[in-house]
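Quick note: the coordinates plus some simple rules give every number you see, no bench work behind them. Keep in mind the model is a prediction, meaning the values are calculated, not measured. So basically every Cβ, Gly included, is an ideal-geometry build from the backbone, and we count neighbours across all protein chains shown.
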Amino acid sequence: MDWFKYSIPTIVMILFIVWGLLRQRRKGMWIDPDDPLNVKARAMAVSTFKEATELAVRESLPIRVKYPFKTDTDQTERIWGYVMSFDEAEIVADIETNPISQFGWIPESVTFPVADLDDWTIELPDGKIRGCFGVQAEIILREREGGKVPKHIREMQSEFVDKLTFDDDTDIKNDKE
């Protein structure tokens, strides 16, 4: 019976931990991936990916990509990873951002079509940042909805080379400096 008096507090503690973790997950702000700004930012990322790969190969720089990942709970999350290999049709990337709704084994890499690419970024030796079209769209969407832009993202803005300008809520232009 001694085990019983210790098991109840343990179960209660585990429930509080799980409840706290679930509450933490809800603190973020959901951004609709189908919002017209995100759709156009993704199109910009896909259309400029060949340029990104040429730069990365020429300068020996890593490329980070954001892509959809189908979890074992049948959720699609957009996660970041480093490009391991690529060709004109497909990208193989590792998983840098662990998916929140994945409860089982996480693969070391994922292969996906270039057409499914959400975003890409390359940090240049001088600290400037290429790509980040989706990140720039997310900043605008968060501000439009009254959400907070994380400080590290806000600080990145001054380093973006490929600037997205929005004439209105749906028009995106690429103004490369």
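Observations
- Descending by average beta-carbon neighbour count within 10 Å, the peptides 130-136, 115-121 line up as 130-136, 115-121, the highest first.
- Amide N proximity, the stretch 115-133 versus Lys70 label position 7 Å along Cα-to-Cβ, cut-off under 17 Å: 115-118
- Additional length obtainable on full extension of the chain from Met84 to Ala115, 0.36 nm per residue less Cα span: 9.5 nm
- Here the stretch 25-139 is described by how far its Cα atoms reach on the three principal axes: 39, 30, 26 Å, from widest to narrowest.
- Based on the Kirkwood approach, the hydrodynamic radius assigned to the stretch 123-163 is 10.6 Å, with every pair of different Cα atoms included.
- Modelled FRET efficiency - R0 30 Å, Asn98 with Leu55, Cβ distances, 0.05 increments: 0.60
- Going by neighbour counts of Cβ atoms within 10 Å, the residues Glu54, Glu138, Glu90 line up, fewest first, as Glu54, Glu90, Glu138.
- Around Met84: net Lys/Arg minus Asp/Glu count, Cβ-Cβ under 10 Å: -2
- Ranking of Met156, Met44, Met84 by count of other Cβ atoms within 10 Å, fewest first: Met84, Met156, Met44
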